[in-house]
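Structure first, then comments.
The values are calculated or read from the model by the stated rules, or taken from the named source; none is laboratory data. From a predicted model like this one, the values you see are computed outputs, not experimental measurements. For neighbour counting, all protein chains shown are included, and Cβ atoms are generated from backbone atoms with ideal geometry for every residue, glycine included. Note: areas computed on protein heavy atoms with side chains; ligands, DNA, RNA excluded. Shrake-Rupley method; radii C 1.70, N 1.55, O 1.52, S 1.80 Å.
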Amino acid sequence: MYDVNMIRQDFPILQERVYGRPLVYLDNAATTQKPKCVINAIAYAYMHENGNVHRGNHFLSNCATQRYEEARAGISRFIHAHHANEIVFTRGATEGLNLVASTYGEMVLREGDIVLVSEMEHHSNLVPWQALCKRKNAELKIIPFLDSGELDLETYAQMLSDRVRIVSVAHVSNALGTVHPVKKITDLAHSCGAAVVIDGTQAVQHMQIDVAALDCDFYCFSGHKMYGPIGIGVLYGKQEHLAEMPPYQYGGEMVDKVGLYDATFENAPLRFEAGTPNYIGAIALHEAVRYIERIGIEQIAAHEKSLLEYTLQHLRKIPGVHVLGGQAPMAGLVSFRVDDIHAYDLAVLLDKLGIAIRSGSHCAQTVMAHYGIEGTARLSLACYNTCSEIDAFCESMPRICNRLQKVR
Ligand code: PMP
């Protein structure tokens, strides 16, 4: 039995009142709230287990190192990697994607080669590839999407050739909520020798991830969108790639032997973790993963699926509301606009009622350009959201829309 009220008790912030009203937090795609066990894990680590990792040989350093490496192993099991050494800790998805572009991308791309990304990417999975292609005189090509919110897979298949070296796409779109068929995308890319990078930032908290079964080459995500702390993220990379890739940053921890004019480097994953890593963040992210595992990712997925269906059903009944995309399989979020109303105004008035949603381009300006709009309103879900929160949102909407339309 999925007991959402019990789950809510794990998240202290959900008891907060905003402008005197109960908080209705529906901006989970931006960041999720944190359960007590994650907050406590941070405090516990600082109070009892804090020493710099991989350096000292004293008790606290060994303790922190052990927890840090346990976190790596726990996260590798969570996403079904073959080996813990395939997990590189980063600052977040943005750093993971930049790391792949500036190491693997820099290594394999030659002049005239092609990188494919989709028209529906977060800026973090577009701009690093733009910069890389400019540096290498390579070509960036864009897989278009259809108004339904799906990627145009027929066009994608036609764009593939032996000049395509890298395909990088989101697993779930942060702008439309579309779940892309990443297994099919990966198999097609591999059939012509391209490596596949998947931005799983909006997927890993909503569904079971199995990187081994997907067979993708890289997969990245941020801890803070999956009930973990800010400032920690994960890059999964196949061992064979990580073993070949040059370092990303240089400094302590990632070196083996250092002379005045030359240095040799550690093996992966340490080679990609220069300087003191955010080991407390990694330990707390591991706690977040264990929290998800205690509830069960399949149970979370089922709860969120029915909540998303409930949301779509009620949202579509509100006069003037248009859901963007929405015809394809979706997870976790819905993007919409309302006739004659700016999404920003909507979000500001909802906020006054204690309801947090997001408005704007969601760091996906190319999606907005596709529809010829400036932005959308976005409602995004987590394991602790309830039907009554969706009711509160849907009941407020007609009143707010009326008010805003009158002002005009
Ligand atoms: N990719 C996607 C799909 C995202 O939703 C986000 C965050 N909005 C990012 C990448 C970047 O994540 P971060 O800012 O945590 O690095």
Practice problem: Kindly provide the set of residues from region 140-153 that are more than 16 Å from the ligand (Cβ to nearest atom) and of a type outside the set (Gly, Ala, Ser), ordered by number. | Solution: Leu140, Lys141, Ile142, Pro144, Leu146, Asp147, Glu150, Asp152, Leu153
Quiz item: Does region 72-92 contain at least one residue that is open to solvent by 80 Å² or more (accessible area, probe 1.4 Å), modelled with pLDDT of 95 or more and within 16 Å of the ligand (Cβ to nearest atom)?
Solution: yes
Quiz item: Do we find that Gln9 is more than 16 Å from the ligand (Cβ to nearest atom) and not hydroxyl-bearing (Ser, Thr, Tyr) in this structure?
Solution: yes
Practice problem: Search region 231-248 for residues that are over 18 Å from Ala263 (Cα atoms) and at pLDDT 95 or above and pair each with any residue that is among the polar types (S, T, N, Q) and crowded, with 18+ Cβ neighbours inside 10 Å when their beta-carbon atoms are under 6 Å apart and the residues are at least 6 apart or on different chains. | Solution: Gly231/Asn278; Ile232/Asn278; Gly233/Thr90; Gly233/Ser222; Leu235/Thr90
Quiz item: Consider Tyr46 against the criteria (1) farther than 27 Å from Glu389 by Cβ; (2) crowded, with 19+ Cβ neighbours inside 10 Å; (3) not aliphatic (A, V, I, L, M): it satisfies all of them except one. Which criterion is unmet?
Solution: (2)
Quiz item: Among the candidates Tyr44, Tyr2, which residue alone is more than 13 Å from Tyr291 (Cα to Cα) and in a helix (DSSP H, G or I)?
Solution: Tyr44
Quiz item: When you go through Leu126, Leu116 one by one, which is the residue that is farther than 30 Å from Arg290 by Cα, within 14 Å of the ligand (Cβ to nearest atom), surrounded by 16 or more Cβ atoms within 10 Å (Cβ to Cβ) and among the hydrophobic types (A, V, I, L, M, F, W, C)?
Solution: Leu126
Exercise. Only residues in region 109-126 that are without any contact (Cβ under 8 Å) to a residue 40 or more places away in the chain count as the first member; pair them with residues that are open to solvent by 10 Å² or more (accessible area, probe 1.4 Å) and part of a loop (DSSP other than H, G, I, E, B), Cβ under 7 angstrom, at least 6 apart or cross-chain, and list the lot.
Key: Glu111/Asn137; Glu111/Ala138
Quiz prompt | Residues (within 11 Å of the ligand (Cβ to nearest atom) and of a type in the set (A, V, I, L, M)) located in region 179-233 | solution = Ile198, Ala203, Val204, Met226, Ile230, Ile232
Quiz item: Restricting the first residue to region 215-230 and requiring it to be of a type in the set (S, T, N, Q), which pairs with a second residue that is away from the ligand (no atom under 11 Å from the Cβ) and not in a strand (DSSP E or B) meet a Cβ separation below 6 Å and a spacing of at least six or different chains?
Solution: none
Exercise. Give region 212-261 a look and list any residue that's outside any loop (DSSP other than H, G, I, E, B) and of a type in the set (Lys, Arg), or say none.
Key: Lys225, Lys257
Quiz item: Which one of Tyr104, Tyr156 is in contact (Cβ under 8 Å) with a residue 60 or more places away in the chain, away from the ligand (no atom under 16 Å from the Cβ) and either assigned to a helix (DSSP H, G or I) or more than 30 Å from His224 (Cα to Cα) (or both)?
Solution: Tyr104
Quiz item: Cβ-Cβ below 7 Å, separation at least six or inter-chain, first residue in region 305-317 and free of Cβ contacts under 8 Å to residues at least 40 places away in the same chain, second open to solvent by less than 60 Å² (accessible area, probe 1.4 Å) and not in a helix (DSSP H, G or I): which pairs?
Solution: Leu312/Val323; Leu312/Gly326; Leu312/Val334; Arg316/Val323
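Are any residues in region 199-220 among the charged types (D, E, K, R) and surrounded by fewer than 21 Cβ atoms within 10 Å (Cβ to Cβ), and if so, which ones?
Across region 199-220, the qualifying residues are Asp210, Asp215.
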Quiz item: When you go through Gly372, Gly326 one by one, which is the residue that is open to solvent by 20 Å² or more (accessible area, probe 1.4 Å) and on the phi > 0 side of the Ramachandran plot?
Solution: Gly372
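I want to confirm something. Restricting to region 317-361 and keeping residues that are assigned to a strand (DSSP E or B) and among the hydroxyl-bearing types (Ser, Thr, Tyr), which single residue is nearest to Tyr25 (Cα to Cα)?
Among those residues, the one meeting the criterion is Ser359.
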Exercise. Return yes when Asn57 is within 16 Å of Thr276 (Cα to Cα), in contact (Cβ under 8 Å) with a residue 40 or more places away in the chain and assigned to a loop (DSSP other than H, G, I, E, B) and no when it is not.
Key: no
Quiz item: So how many residues does region 129-139 have that are more than 15 Å from the ligand (Cβ to nearest atom) and open to solvent by less than 50 Å² (accessible area, probe 1.4 Å)?
Solution: 5
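To keep it simple, each residue is scored yes or no on (1) over 16 Å from Phe78 (Cβ atoms); (2) within 22 Å of the chain's Cα centre (by Cα); (3) crowded, with 16+ Cβ neighbours inside 10 Å; (4) of a type in the set (Ser, Thr, Tyr).
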residue	(1), (2), (3), (4)
Ala243	yes, no, no, no
Gly251	yes, no, no, no
Gly259	yes, no, no, no
Thr264	yes, no, no, yes
Ala268	yes, no, yes, no
Tyr291	no, yes, yes, yes
Ala302	yes, yes, no, no
His314	yes, no, yes, no
Quiz item: Restricted to region 146-179, and to residues that are open to solvent by less than 10 Å² (accessible area, probe 1.4 Å) and touching a His at 6+ places or on another chain (Cβ under 8 Å), which residue is farthest from Phe336 (Cα to Cα)?
Solution: Val169
Practice problem: Consider Phe272 carefully, then state whether it is open to solvent by 20 Å² or more (accessible area, probe 1.4 Å) and hydrophobic (A, V, I, L, M, F, W, C). | Solution: no
